[in-house]
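Engineer: Dumping the structure here so I can ask a few things about it.
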Amino acid sequence: MASLHYKALDSISVSDIEALGISSSTANKLYEDISEIIATCGPASPQTWTHISKRLLHPHLPFSFHQMMYYGCFKDFGPDPPAWSPDPETAMLTNVGQLLERLGKEFLGSRYKDPISSFSQFQEFSVLNPEVYWKTVLDEIGISFLVPPQCILIENPSRESSLANPGGQWLPGAYVNPAKNCLTVNCKRTLDDVVIRWRGEGNDDLPVSSMTLKELRSEVWLVAYALNALGLDRGSAIAIDMPMNVKSVIIYLAIVLAGHVVVSIADSFAPLEISTRLKISEAKAIFTQDLIIRGDKSIPLYSRVVDAQAPMAIVIPAKGSSFSMNLRDGDISWHNFLEKATDLRGAEFPAVEQPVEAFTNILFSSGTTGEPKAIPWTHVTPLKAAADAWCHMDIRKGDIVAWPTNLGWMMGPWLVYASLLNGASIALYNGSPLGPGFAKFVQNFPENVLKYIGFEKDAKVTMLGVIPSMVRTWKSANSASSYNWSAIRCFASTGEASSVDEYLWLMGRAQYKPIIEYCGGTEIGGGFVSGSLLQPQSLAAFSTPAMGCSLFILGDDGRPIPENVPGLGELALGPLMFGASSTLLNADHYNVYFKGMPVWNGKILRRHGDVFERTSKGYYHAHGRADDTMNLGGIKVSSVEIERICNAVDNNVLETAAIGVPPPQGGPEKLVIAVVFKDSDDSSVDLDKLRISFNSAVQKKLNPLFRISHVVPFSSLPRTASNKVMRRVLRQQISEQDKISKL
């Protein structure tokens, strides 16, 4: 542990502090404050760290001092030291805290004490009593059904269906429209409440733009009427291939409101990937932009859609009201599309409410076969996203939620539902989130200045979602150093493995607000393991199974290790998960998620595929994929997809294996290509030149966001008896041989 390299707090001197570049007067004051805290709380306790992080540390002190304090405090603590601990008074004010104070004794009886000490019992209650828990949470969020469900869950609706879908039937008989619920006036908001804030890159000194609920409803209704004018059959699949901006959110909600199905396509995809997703989903139309504007750069998007031989495209100009290129026959400009419904502007669109098992969104997650899995979200899945946000991130009325993402990935739709169904506002930055422009957009403008200028200068984000690679860039460039992030109540992180030091730095930007680690999947519509504002949070660790979810770590015998016993192994999930998938468009759902899995207490467990560790202190750590799917920058991708491209790059290449390898210093996986050459003498091969060629091909044909970090030559690839490449063995060999120590 890194703390071994630091002195214990009570051994730190003034000169140690000065050695970090801190002035003598400041060092003396810090030393006095540290001594006072140690006298009250001791030199090494969670309370000591809480006082230090809240009273002493601020973003303008060198990060090395933050590290000295953190590692010094927890030098002998052991694994999973708490970087943040809940305050009892604040815990009472969280969504879950308020619920437990009202109903905790009803749920847990005499076992209930208070929201913090009873949270784990409440999580267990949510698993054992889904009827009570989910009815309560849906009522708390304020979900309105056209036809209420007959009950919450039928575990085994029939023997035949229970064998095919062990996940049971949720909200049977209910009719609902999640987009309508996003636009409904209720106790959480009025028509005048701001529901979206945004700013474009390059306009960083201008006030944020905003849209009220009244304005959003009007825009969504207009697009829904225009969709009706296209004459598409109800339930048609309609793709969105756009950056996540105000218009794409409006379009997303309109498609769902009108009873159609969104097909999610990331705006970074190459034509082949776009085409694959359009064909699998049988999309009848696609919304796109002519260009993606990133600073001074204009990136073609419509031309990619054309190259993908997409169906009818509705094309939105990125700048102004016109575009420079001509449209294909049959394609429609955004202006002409809206003109189809101009006479209906302002008129309420009658939402199409459907059975909860109807599809609302088709998203894609790479499998191990080379073709992406097409995962339909039902009308239950958005409710899972909103419930996770309500419970684990404590999103509520008045919050402003930013999470740089795209509608092509599950966190895009998640952000829409997590914010709007909970009465919060979405914050969208139209540009790269890596630079100071985004950091300024997030900030809380000082109140004295707000009173002076009379308007919201910046977004004042209260919940900021991140991925670790984004944080790494911010830390490296120090791009958030001069901006005030004090309005943030918590961070959330998903997508890839995080690093302790980088996330310690991130917490320090917002006066040590907690980071909620959140791990799930597209097929779940949210998380299966998470953090909570009612539990101490350790860096790069999960503190609890998500509400309503049960986790099992499989031992070497393929059976779950005893509950609450430390261990490392492949993760399995309890089959009864609210909002989780029950079908795939292009694969057998049962074979993918249940076939061959162990039965536990009469229920077959659900496969997830990650390797997880449960520690002695009850935290969970992710250790990557157990199968051949990698996670690169928050994007799951099949090894086979990458290998297919790399194998064709150079005639000297016999075969390749693509693997994700965690760097020695921790953090997200690096993409490494193990290569076997046709000529056993590979000494003359320029590996760096080959890496550049691999990179070029993968970025052009698969995804421009992927980057190959290293090429490692092998005489042969390790294989099973059935000739399958053992990528896990390769990963271990490369790590042990320290072949990527310089990454």
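The values are calculated or read from the model by the stated rules, or taken from the named source; none is laboratory data. If you're wondering where the values come from, they're calculated on a predicted model, not measured in any experiment. When we count neighbours, we look across all protein chains shown, and the Cβ atoms used for this are built from the backbone with ideal geometry, even at glycine.
Engineer: I'd like to check something: does the range 185-198 contain any residue that is part of a loop (DSSP other than H, G, I, E, B), surrounded by fewer than 17 Cβ atoms within 10 Å (Cβ to Cβ) and in contact with a strand residue (DSSP E or B) (Cβ under 6 Å, 6 or more places away or on another chain)?
Structural biologist: Yes, the conditions are met somewhere in the range 185-198.
Engineer: While we're looking at this one, here's another question. Among 53, 126, 110, which is among the small types (Gly, Ala, Ser), surrounded by fewer than 16 Cβ atoms within 10 Å (Cβ to Cβ) and part of a helix (DSSP H, G or I)? Spell out the reasoning first.
Structural biologist: Numbers: 53 fails: surrounded by fewer than 16 Cβ atoms within 10 Å (Cβ to Cβ); 126 fails: surrounded by fewer than 16 Cβ atoms within 10 Å (Cβ to Cβ).
Answer to the check: 110.
Engineer: Just give me the residues in the range 200-221 being buried (at least 18 other Cβ atoms within 10 Å of the Cβ) and either outside the structural domain of residue 251 (by TED's automatic domain parsing) or among the basic types (Lys, Arg) (or both), in sequence order.
Structural biologist: 217
Engineer: Quick one: residue 561 ticks every box in (1) surrounded by fewer than 24 Cβ atoms within 10 Å (Cβ to Cβ); (2) out of contact with any Leu (no Cβ under 9 Å at 6 or more places or on another chain) except a single one, so which number is it?
Structural biologist: Failed condition: (2).
Engineer: With 103, 99 as the choices, which residue is at pLDDT 95 or above, in contact with an Asp or Glu (Cβ under 9 Å, 6 or more places away or on another chain) and either outside any strand (DSSP E or B) or within 30 Å of residue 547 (Cβ to Cβ) (or both)?
Structural biologist: Numbers: 103 fails: in contact with an Asp or Glu (Cβ under 9 Å, 6 or more places away or on another chain).
Of 103, 99, the one residue that is at pLDDT 95 or above, in contact with an Asp or Glu (Cβ under 9 Å, 6 or more places away or on another chain) and either outside any strand (DSSP E or B) or within 30 Å of residue 547 (Cβ to Cβ) (or both) is 99.
Engineer: So, one more: Hey, residue 485 hits all of (1) in contact (Cβ under 8 Å) with a residue 40 or more places away in the chain; (2) of a type outside the set (S, T, N, Q); (3) crowded, with 23+ Cβ neighbours inside 10 Å but one; which does it fall short on?
Structural biologist: (3)
Engineer: Can you name the residue in the range 564-592 that is under 25 Å from residue 154 (Cβ atoms) and either of a type in the set (Asp, Glu) or touching a His at 6+ places or on another chain (Cβ under 8 Å) (or both) and is also surrounded by the fewest Cβ atoms within 10 Å (Cβ to Cβ) among such residues?
Structural biologist: 588
Engineer: Right, something else. Under 8 Å by Cβ, and 6 or more places apart or on different chains, what pairs join a residue from the range 683-702 that is not assigned by TED's automatic domain parsing to the domain that holds residue 268 and surrounded by 13 or more Cβ atoms within 10 Å (Cβ to Cβ) with one that is assigned to a helix (DSSP H, G or I) and of a type outside the set (A, V, I, L, M)?
Structural biologist: Matching pairs, first to second residue: 694/646; 697/646; 698/646; 702/273; 702/641.
Engineer: While we're looking at this one, here's another question. Looking at (1) within 21 Å of the chain's Cα centre (by Cα); (2) without any contact (Cβ under 8 Å) to a residue 60 or more places away in the chain, which is the only condition residue 581 fails?
Structural biologist: Against the list (1) within 21 Å of the chain's Cα centre (by Cα); (2) without any contact (Cβ under 8 Å) to a residue 60 or more places away in the chain, residue 581 comes up short only on (2).
Engineer: If I filter the range 415-468 down to residues being in contact with an Asp or Glu (Cβ under 7 Å, 6 or more places away or on another chain), among the small types (Gly, Ala, Ser) and more than 25 Å from residue 178 (Cα to Cα), which single residue comes out as modelled with the highest pLDDT?
Structural biologist: By that ranking, first place goes to 437.
Engineer: So which residues in the range 525-563 are under 22 Å from the mean Cα position of the chain (by Cα), in a loop (DSSP other than H, G, I, E, B) and small (Gly, Ala, Ser), if there are any at all?
Structural biologist: If the condition is that a residue be under 22 Å from the mean Cα position of the chain (by Cα), in a loop (DSSP other than H, G, I, E, B) and small (Gly, Ala, Ser), then 525, 531, 532, 540, 541, 543, 546, 548, 550 are the ones that fit.
Engineer: Are there helices (runs of 4 or more DSSP H) fully within the range 206-302 with at least 2 residues that are over 24 Å from the mean Cα position of the chain (by Cα) and at pLDDT 95 or above? List them. Can you show your working first?
Structural biologist: Values: elements: 213-229, 246-257, 271-281.
So the answer is 213-229, 271-281.
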